[in-house]
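Peer 1: Please read through the structure below; I'll follow up with questions.
The values are calculated or read from the model by the stated rules, or taken from the named source; none is laboratory data. From a predicted model like this one, the values you see are computed outputs, not experimental measurements. Cβ sites come from the backbone with ideal geometry, for glycine too, and all protein chains shown count toward neighbours. Each accessible area value is taken on the protein alone, full model and side chains, heavy atoms only, with ligands, DNA and RNA left out. Shrake-Rupley method; radii C 1.70, N 1.55, O 1.52, S 1.80 Å.
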Amino acid sequence: MGSDRNTYIGLFAIGLILFGWMYWSQPSEKQLERQKAVHDSIVNVQQQQQEEAKAASIAKKAEKKDTGTSIHDTANHSSDSLVAIHKLQSDFGIFYTALKGPDKSYTLENDLLKATISTKGGKVESVELKNFKTSDGTPLILFKPDSTRFGLILNAYSRETSTDSLYFSAVNSQVSVTKDSSVLVMQLNTSNPAKYIQYIYSLKTGTYMLQCKIRVVGMQDVLASNTQDIELNWSMQTPSQEANIKKQQGASTIYYKFYRDDVDNLSAGKDEKKPLTSDISWVSFKQQFFSSILIANTKFSSPTVECKQDFRPGFVKNYTAQMYIPYTRSTDESFGMSFFFGPNNYNLLKKYSSDNDLQLNRQISLGWGIFGWINRYVVILIFDFLSQFNLNFGIVILILTLVIKALLFPIAYRTYVSSAKMRILKPEIDEINKKFPKTEDAMKKQQAIMALNKKAGVNPLAGCLPMLFQLPILYALFSFFPASIELRQQHFLWATDLSTYDSIYTFKNGFSIPGYGDHISLFALLMTLSQYLYLASNQQLMGTGGTDQMAKTMKWMMYITPIFFLSALNSYSAGLSYYYFLANLITFGQTYLARQFINEAALHRKMQENRAKPVKVSKFQKRLEEMAKQQQAARKR
């Protein structure tokens with residue numbers, strides 16, 4: 001009996017313990033709600049999977065006859081999509097909402113240009129210059145939507161995200177237009193309304209400058225903690241706009257200006273990538289006659305630029321610029337800059353550079369050293385003055401040639417006088433040549449000719465020095481005409497575009513003469529013929545003043561040089577060939593008139609008087625005589 005009582009007491013105690021444990025271990029209301037949510041989500045997933053399985057079964061039956069393949073993966077598509085969405089949210093954080101959006105474009109335009117701005121990247125995706133056409137007569141587009149990229153590289157959530165791949169939206173969904181300007185605010189929205197990035201564009205009337213301000217708001221706790229600047233990438237594939245693709249390639253490259261320093265550029269003749277050694281004020285994607293320039297209000301840091309030739313039909317070069325803008329991690333900060341989309345007009349670029357010494361005009365190649373000075377301070381001034389009268393540019397070049405030849409005439413006149421003196425002395429020089437026919441007597445013959453010239457008061461170099469003074473102008477114009485956008489698509493006579501070659505005949509079936517080209521330029525041909533006309537009429541080519549071999553060499557060089565010019569100018573600017581043709585004709589006329597006015601008889605008497613005077617031997621002459629004696633002594637030994 002006692003044993004049974006102990007048993008009951010033990011069972012009762014165990015029951016109390018179990019009851020207490022069950023009471024204290026029951027879930028709370030929050031735990032019950034969480035369990036219910038988990039249960040409901042499981043039920044929902046099961047139901048969704050069942051529905052997808054039914055849809056997959058139906059689709060499988062519908063496609064079985066056509067494909068006979070299994071579409072088991074479709075049943076798991078929804079769950080995979082959920083996983084992918086969660087991953088994107090984890091990877092992109094608050095930028096996840098900008099991964100998709102509507103593809104829309106907005107237009108900012110004035111009387112000079114029309115800029116199209118896309119919601120994809122919030123960037124300028126194309127620019128049309130209204131006052132210019134391509135060589136085909138179509139609207140001139142600097143770049144197209146599928147050939148440019150522009151964006152910030154955001155270092156956030158342990159990855160780098162380019163704003164170029166994210167979708168912006170226009171604030172107020174429209175362009176704000178005032179009396180003389182238009183404004184468009186493109187905003188990169190995030191899942192947090194207090195955190196966003198803006199590109200604020202503004203365009204005034206009568207300008208090629210498109211202002212752009214980058215505004216970063218509330219990103220100080222989103223971007224990586226070590227972010228002190230933000231990378232900015234800009235790239236472009238430039239389309240062909242002119243008839244001569246080779247000239248475009250030779251004139252297109254990247255220019256940049258070092259901050260508070262000089263302008264420099266990459267090579268136009270080869271592919272080049274270059275990390276720059278210091279900050280820059282601007283970077284230019286320069287084409288032959290037009291440029292897209294990005295200008296900082298302050299400076300871009302740590303830039304790297306790259307230029308590559310694009311071998312695709314219809315394209316010229318691929319440009320890339322990578323640089324950094326400052327970021328101080330404040331709640332709201334901005335970086336100001338501007339785009340120049342316009343022509344490579346020297347005075348226009350100089351005007352835009354006047355306020356802050358940007359030197360944008362330095363990207364127009366006018367030649368180095370003295371050649372550039374002549375173009376900047378002589379040729380351009382004359383050219384611009386004549387252009388004010390709205391004359392045909394063929395007439396402008398004619399007047400320019402007359403002015404330059406008139407300025408050089410005093411120097412050229414000395415050449416004509418020297419040529420006349422050499423003709424007078426030619427019979428005596430021929431006698432000296434007969435007197436010393438042997439090669440070993442070359443030094444004696446040269447001394448005799450020098451003594452003759454000295455007594456007659458003739459300086460053989462007098463005919464060469466004036467030509468040396470004219471060479472800088474010759475080469476300066478060689479740079480000026482191909483770089484002058486004023487000549488672009490300007491008609492004159494048979495030439496339809498003075499900025500490129502004129503062609504009276506193009507060879508068929510792709511035939512091309514090596515070193516010459518696939519066409520015939522009439523201006524280049526006329527220039528060559530006029531050069532031969534001048535040389536044939538110039539008696540200075542008769543070899544006076546030197547040995548027979550020297551005369552032959554000089555004559556050969558004089559006559560072969562125009563051939564090289566013909567080869568080079570056949571594919572060069574028609575304006576340049578036309579200028580050289582006019583210059584040769586004017587020189588021929590000046591030579592003819594000079595010979596009519598120079599009294600060779602009086603000149604001969606003057607030379608005879610000089611020969612009667614005692615001649616003071618110069619130190620240079622003494623050195624030559626001493627060298628001759630030493631050579632003769634050496635031969636005897």
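Peer 1: Yes or no: residue 141 surrounded by 15 or more Cβ atoms within 10 Å (Cβ to Cβ), in contact with an Asp or Glu (Cβ under 7 Å, 6 or more places away or on another chain) and closer than 27 Å to residue 95 by Cβ? Before you say what the answer is, go through the steps one by one.
Peer 2: Details: surrounded by 15 or more Cβ atoms within 10 Å (Cβ to Cβ): yes; in contact with an Asp or Glu (Cβ under 7 Å, 6 or more places away or on another chain): yes; closer than 27 Å to residue 95 by Cβ: no.
Here the answer is no, as residue 141 does not meet what is asked.
Peer 1: Could you list all residues from the stretch 193-206 that are under 29 Å from the mean Cα position of the chain (by Cα) and open to solvent by 20 Å² or more (accessible area, probe 1.4 Å)?
Peer 2: 200, 202, 204, 205, 206
Peer 1: Next question, about the same structure. Would you mind stating whether residue 501 is modelled with pLDDT of 70 or more, farther than 30 Å from residue 342 by Cβ, in contact with a Ser or Thr (Cβ under 7 Å, 6 or more places away or on another chain) and not acidic (Asp, Glu)? Walk me through how you get there before you give the answer.
Peer 2: Values: modelled with pLDDT of 70 or more: yes; farther than 30 Å from residue 342 by Cβ: no; in contact with a Ser or Thr (Cβ under 7 Å, 6 or more places away or on another chain): yes; not acidic (Asp, Glu): yes.
So residue 501 does not fit the description; no.
Peer 1: Here's another thing I want to ask about it. Just one of (1) closer than 21 Å to residue 575 by Cα; (2) loosely packed, with under 15 Cβ neighbours inside 10 Å trips up residue 380, so point out which.
Peer 2: Here residue 380 meets the rest and fails (2).
Peer 1: Continuing with the same structure: Looking at 302, 354, can you tell me which residue is surrounded by fewer than 17 Cβ atoms within 10 Å (Cβ to Cβ), touching a strand residue (DSSP E or B) at 6+ places or on another chain (Cβ under 7 Å), of a type in the set (Gly, Ala, Ser) and more than 22 Å from residue 127 (Cα to Cα)? Talk me through it step by step, then tell me what you get.
Peer 2: Values: 354 fails: touching a strand residue (DSSP E or B) at 6+ places or on another chain (Cβ under 7 Å).
Matching residue, one of 302, 354: 302.
One line per residue, one yes/no per condition, for (1) out of contact with any strand residue (DSSP E or B) (no Cβ under 6 Å at 6 or more places or on another chain); (2) closer than 21 Å to residue 211 by Cα; (3) open to solvent by 20 Å² or more (accessible area, probe 1.4 Å); (4) at pLDDT below 95:
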| residue | (1), (2), (3), (4) |
| --- | --- |
| 92 | yes, no, yes, yes |
| 101 | no, no, yes, yes |
| 135 | yes, no, yes, yes |
| 145 | no, yes, yes, yes |
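Peer 1: Looking at this structure, is residue 236 within 30 Å of residue 111 (Cβ to Cβ) and either open to solvent by less than 20 Å² (accessible area, probe 1.4 Å) or within 17 Å of the chain's Cα centre (by Cα) (or both)?
Peer 2: yes
Peer 1: Quick one: which residue in 330, 284 is in contact with a strand residue (DSSP E or B) (Cβ under 6 Å, 6 or more places away or on another chain) and either open to solvent by less than 10 Å² (accessible area, probe 1.4 Å) or not in a strand (DSSP E or B) (or both)? Don't jump to the end; show me each part of the working.
Peer 2: On the way: 330 fails: in contact with a strand residue (DSSP E or B) (Cβ under 6 Å, 6 or more places away or on another chain).
The unique qualifying residue is 284.
Peer 1: Would you pick out the residues in the stretch 499-531 that are open to solvent by less than 60 Å² (accessible area, probe 1.4 Å), over 25 Å from residue 251 (Cα atoms) and assigned to a helix (DSSP H, G or I)?
Peer 2: Residues satisfying the conditions are 526, 528, 530, 531.
Peer 1: A further question on this structure: How do the pairs read when you match residues in the stretch 481-495 that are part of a strand (DSSP E or B) and at pLDDT below 90 with residues anywhere that are open to solvent by 30 Å² or more (accessible area, probe 1.4 Å) and acidic (Asp, Glu), using Cβ under 8 Å and keeping only pairs 6 or more apart or on different chains?
Peer 2: Cβ pairs passing all conditions: none.
Peer 1: Next question. Could you identify the single residue in 278, 267 that is assigned to a loop (DSSP other than H, G, I, E, B) and out of contact with any Ser or Thr (no Cβ under 8 Å at 6 or more places or on another chain)? Before you say what the answer is, go through the steps one by one.
Peer 2: Working: 267 fails: out of contact with any Ser or Thr (no Cβ under 8 Å at 6 or more places or on another chain).
Just one listed residue meets the conditions, 278.
Peer 1: Looking at this structure, is residue 399 modelled with pLDDT of 85 or more, closer than 23 Å to residue 500 by Cα, of a type in the set (Val, Ile, Thr) and assigned to a helix (DSSP H, G or I)?
Peer 2: Values: modelled with pLDDT of 85 or more: yes; closer than 23 Å to residue 500 by Cα: yes; of a type in the set (Val, Ile, Thr): yes; assigned to a helix (DSSP H, G or I): yes.
When the stated conditions are applied, residue 399 passes them.
Peer 1: Does the stretch 323-339 contain any residue that is of a type outside the set (Gly, Ala, Ser), on the phi > 0 side of the Ramachandran plot and free of Cβ contacts under 8 Å to residues at least 12 places away in the same chain? Let's see the steps before the verdict.
Peer 2: Step one: filter the stretch 323-339 for residues of a type outside the set (Gly, Ala, Ser), giving 323-329, 331-333, 335, 337, 339.
Now drop any that are not on the phi > 0 side of the Ramachandran plot, which leaves 329.
When the remaining residues are screened for being free of Cβ contacts under 8 Å to residues at least 12 places away in the same chain, the result is none.
There is no residue in the stretch 323-339 that is of a type outside the set (Gly, Ala, Ser), on the phi > 0 side of the Ramachandran plot and free of Cβ contacts under 8 Å to residues at least 12 places away in the same chain.
Peer 1: Look through the stretch 103-133, keep the residues that are over 20 Å from the mean Cα position of the chain (by Cα) and among the charged types (D, E, K, R), and return whichever of them is most open to solvent (accessible area, probe 1.4 Å).
Peer 2: The selected residue is 103.
Peer 1: So which residues in the stretch 429-444 are under 23 Å from residue 595 (Cα atoms) and modelled with pLDDT under 70?
Peer 2: Quick first cut of the stretch 429-444, residues under 23 Å from residue 595 (Cα atoms) only: 429-430.
Residues satisfying the conditions do not exist here.
Peer 1: Any chance the stretch 574-586 includes a residue that's more than 32 Å from the chain's Cα centre (by Cα), at pLDDT 80 or above and farther than 30 Å from residue 514 by Cβ?
Peer 2: Scanning the stretch 574-586, I find at least one residue that is more than 32 Å from the chain's Cα centre (by Cα), at pLDDT 80 or above and farther than 30 Å from residue 514 by Cβ, so the answer is yes.
Peer 1: Within the stretch 594-609, how many residues turn out to be surrounded by 12 or more Cβ atoms within 10 Å (Cβ to Cβ) and at pLDDT 70 or above?
Peer 2: Result for the stretch 594-609: 3.
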